[in-house]
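Trainee: Sharing a structure here in structure tokens format.
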């Protein structure tokens, strides 16, 4: 090989072992960059299925182009492999931080997003052909292909397991990017140091060390960088931010206004959340006639609990929320617990941190009233909680005559999505009545009442409500023509019609 004649190769066995380990490292890093791009696109742009599909397709196309371009490398393969590793480390390691910082500063975020995916994918596509050419004189062809691909696929498996279970929950997206950039540049530095003719690669070694220092600094200050990026996105000072295995939780505060964001989507503003939560809870509780056993699905902020606890007949409330970080935050933070009036400390409240679908299937209890307070169906993982399969399980958990409410997005902005929720509840065998209220932070917002019996008039409301009265309760069930019911499909697990309707209607509204 040209590299050997130039005095750049150590003993064959040593180089072969090092390069096979490199195959594992570069495969792991390559898939991590792909997962980071897909996750970030889902976080900032929504619709995880669409974003991951486009990112994966773009990345694989770029890898193919990189592999095709490797044919033009005629000599000095090992030196070029080292340079490729340094480039991937620099671009891939900083890509997540760069995309976060660019999100609100560019007219079309997709241009830098897919540009970086193309660049990283093309460079990753160069790696395996170069590795095989470097190793072809050291291994039999059958051993060469099997060993390189084995290390490549094992690295991909490691990345796919580590990313959701360890990296995102404990390091976050930015820090993960910097860490794997360091792994890439570490491969380059290790190979340069092993070579007896490394003086030929003095510039590459200096560049690799500089890139490693930049990535290490980025890793150290990544939380500060993420806060800077999120302040630009949210527009308000960030009081608290964390990544859990399930979502990114951000709480902002400006003046007396506390706001909760999950994966970039506003969940409440403390200035007007009482309108939303009074509308979610009291139309059910006032029609349930002295309910004792209550079920809350979602609602990890405890604000619905606050309203439910205003009824003295309530003996037990079971709250099922996927994320223990969420319920712990709104239990232990004094400022946030003040919003829910310490509801999680009530002996009547029992918290279960698990998947609501799985919990309902195993549940054997019946409840007098239920509340479904999930985030909007922005992706298929949330959309499953709005399907007829889920609502049939929920109907099975209702005592005779029990009533429930479901937050159901805006009937003004997304009327087809809104009425899909009602149609799907009816397909599960429940009687429904839609209603809506105005919440300044959200605009016109919709809910659906559902019951296994005809829905009757309300009992008197508890004293001290700030928004809901008998008059506003009655008006909430009146829909003007622009929000009137229309024919829509049932949302099923195998069609997820609701997610598509929601995305299409909100995309038109948001431009």
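The values are calculated or read from the model by the stated rules, or taken from the named source; none is laboratory data. Since this is a predicted model, take the numbers as computed values, not measurements. With ideal geometry, Cβ positions are generated from the backbone for all residues, glycine too; neighbour counts draw on all protein chains shown.
Trainee: Which condition from (1) without any contact (Cβ under 8 Å) to a residue 60 or more places away in the chain; (2) assigned to a strand (DSSP E or B); (3) in contact with a helix residue (DSSP H, G or I) (Cβ under 6 Å, 6 or more places away or on another chain) is the one that residue 437 breaks?
Mentor: In the conditions (1) without any contact (Cβ under 8 Å) to a residue 60 or more places away in the chain; (2) assigned to a strand (DSSP E or B); (3) in contact with a helix residue (DSSP H, G or I) (Cβ under 6 Å, 6 or more places away or on another chain), residue 437 misses (1) alone.
Trainee: Please go through segment 305-326 and give me each residue that is touching a residue at least 24 places away in the same chain (Cβ under 8 Å), over 19 Å from residue 385 (Cβ atoms) and assigned to a loop (DSSP other than H, G, I, E, B), ordered by number.
Mentor: 309, 310, 311, 314, 315
Trainee: Go through (1) assigned to a strand (DSSP E or B); (2) within 23 Å of the chain's Cα centre (by Cα) and name the single condition residue 329 misses.
Mentor: All conditions pass for residue 329, except number (1).
Trainee: Is there a residue being surrounded by fewer than 20 Cβ atoms within 10 Å (Cβ to Cβ), part of a loop (DSSP other than H, G, I, E, B) and under 31 Å from the mean Cα position of the chain (by Cα) anywhere in segment 109-129? Lay out the reasoning, then the answer.
Mentor: We begin by selecting, within segment 109-129, every residue surrounded by fewer than 20 Cβ atoms within 10 Å (Cβ to Cβ); these are 109-112, 114-115, 118-119, 129.
Still in the list and also part of a loop (DSSP other than H, G, I, E, B): 109.
Now narrow it down to the ones that are under 31 Å from the mean Cα position of the chain (by Cα): 109.
Yes, because at least one residue in segment 109-129 is surrounded by fewer than 20 Cβ atoms within 10 Å (Cβ to Cβ), part of a loop (DSSP other than H, G, I, E, B) and under 31 Å from the mean Cα position of the chain (by Cα).
Trainee: Tell me which of these residue 335 doesn't satisfy, since it passes every other one: (1) modelled with pLDDT of 95 or more; (2) surrounded by fewer than 22 Cβ atoms within 10 Å (Cβ to Cβ); (3) farther than 23 Å from residue 476 by Cα.
Mentor: It is condition (1) that residue 335 fails.
Trainee: Additional query: What are the residues in segment 476-508 that are outside any loop (DSSP other than H, G, I, E, B), touching a strand residue (DSSP E or B) at 6+ places or on another chain (Cβ under 9 Å) and within 13 Å of residue 412 (Cα to Cα), if any?
Mentor: So the first thing to find is which residues in segment 476-508 are outside any loop (DSSP other than H, G, I, E, B), and the list is 476, 481-483, 497-508.
Those still in the list that are touching a strand residue (DSSP E or B) at 6+ places or on another chain (Cβ under 9 Å) too: 476, 483.
Passing the criteria: only 483.
Trainee: Considering only segment 356-414, give the helices (runs of 4 or more DSSP H) lying wholly within it that have at least 3 residues that are closer than 20 Å to residue 317 by Cα.
Mentor: Working: elements: 356-362, 380-383, 388-396.
The helices (runs of 4 or more DSSP H) meeting that bar are 356-362, 388-396.
Trainee: Here are some conditions: (1) touching a strand residue (DSSP E or B) at 6+ places or on another chain (Cβ under 7 Å); (2) crowded, with 20+ Cβ neighbours inside 10 Å; (3) under 25 Å from residue 391 (Cβ atoms). Residue 302 meets all but one. Which one does it not meet?
Mentor: (1)
Trainee: Considering each of 314, 320 in turn, give the residue that is buried (at least 19 other Cβ atoms within 10 Å of the Cβ), within 28 Å of the chain's Cα centre (by Cα) and at pLDDT 95 or above. First the steps, then the outcome.
Mentor: Working: 314 fails: within 28 Å of the chain's Cα centre (by Cα).
From the options 314, 320, the qualifying one is 320.
Trainee: Return only the number of the condition from (1) more than 27 Å from residue 243 (Cβ to Cβ); (2) part of a helix (DSSP H, G or I) that residue 337 does not satisfy.
Mentor: Result: residue 337 passes all but (1).
Trainee: Another question about this same structure. Being in contact (Cβ under 8 Å) with a residue 60 or more places away in the chain and either in a helix (DSSP H, G or I) or over 18 Å from residue 443 (Cα atoms) (or both) is the filter here, so list the residues in segment 265-285 that pass it. First the steps, then the outcome.
Mentor: Start the filter on segment 265-285 by keeping residues that are in contact (Cβ under 8 Å) with a residue 60 or more places away in the chain, which leaves 265-276, 278-285.
Of everything in segment 265-285, those that are in contact (Cβ under 8 Å) with a residue 60 or more places away in the chain and either in a helix (DSSP H, G or I) or over 18 Å from residue 443 (Cα atoms) (or both) turn out to be 273, 274, 275, 276, 278, 279, 280, 281, 282, 283, 284, 285.
Trainee: Among (1) in a helix (DSSP H, G or I); (2) touching a helix residue (DSSP H, G or I) at 6+ places or on another chain (Cβ under 7 Å), which single condition is residue 68 missing?
Mentor: Residue 68 satisfies all of (1) in a helix (DSSP H, G or I); (2) touching a helix residue (DSSP H, G or I) at 6+ places or on another chain (Cβ under 7 Å) except (2).
Trainee: Being under 27 Å from residue 165 (Cβ atoms), crowded, with 17+ Cβ neighbours inside 10 Å and in the same structural domain as residue 127 (by TED's automatic domain parsing) narrows it down to one of 93, 57, 66, so name that one. If you could, list the steps in order and put the result at the bottom.
Mentor: Values: 57 fails: crowded, with 17+ Cβ neighbours inside 10 Å; 66 fails: under 27 Å from residue 165 (Cβ atoms).
Answer to the check: 93.
Trainee: With respect to residue 296, determine if the residue is in a helix (DSSP H, G or I) and touching a helix residue (DSSP H, G or I) at 6+ places or on another chain (Cβ under 6 Å). Working first, answer last.
Mentor: Numbers: in a helix (DSSP H, G or I): no; touching a helix residue (DSSP H, G or I) at 6+ places or on another chain (Cβ under 6 Å): yes.
Considered against the rule, which asks whether it is in a helix (DSSP H, G or I) and touching a helix residue (DSSP H, G or I) at 6+ places or on another chain (Cβ under 6 Å), residue 296 comes out as no.
Trainee: Ok, one more. Given the residues 7, 16, 30, which is the only one that is at pLDDT 80 or above and outside the structural domain of residue 262 (by TED's automatic domain parsing)?
Mentor: Values: 7 fails: at pLDDT 80 or above; 16 fails: at pLDDT 80 or above.
Criteria check complete, one pass: 30.
Trainee: Of all residues in segment 239-261 being within 10 Å of the chain's Cα centre (by Cα) and surrounded by fewer than 19 Cβ atoms within 10 Å (Cβ to Cβ), which is modelled with the lowest pLDDT?
Mentor: So, considering only residues that are within 10 Å of the chain's Cα centre (by Cα) and surrounded by fewer than 19 Cβ atoms within 10 Å (Cβ to Cβ), the one modelled with the lowest pLDDT is 245.
Trainee: Can I ask one more? Please go through segment 286-299 and pick out each residue that is within 20 Å of residue 446 (Cα to Cα) and either surrounded by fewer than 24 Cβ atoms within 10 Å (Cβ to Cβ) or free of Cβ contacts under 8 Å to residues at least 24 places away in the same chain (or both).
Mentor: 286, 287, 298
Every residue, every condition in (1) closer than 19 Å to residue 280 by Cα; (2) surrounded by 23 or more Cβ atoms within 10 Å (Cβ to Cβ); (3) modelled with pLDDT under 95, yes or no:
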| site | (1), (2), (3) |
| --- | --- |
| 395 | yes, no, no |
| 416 | no, no, no |
| 419 | yes, yes, no |
| 430 | yes, yes, no |
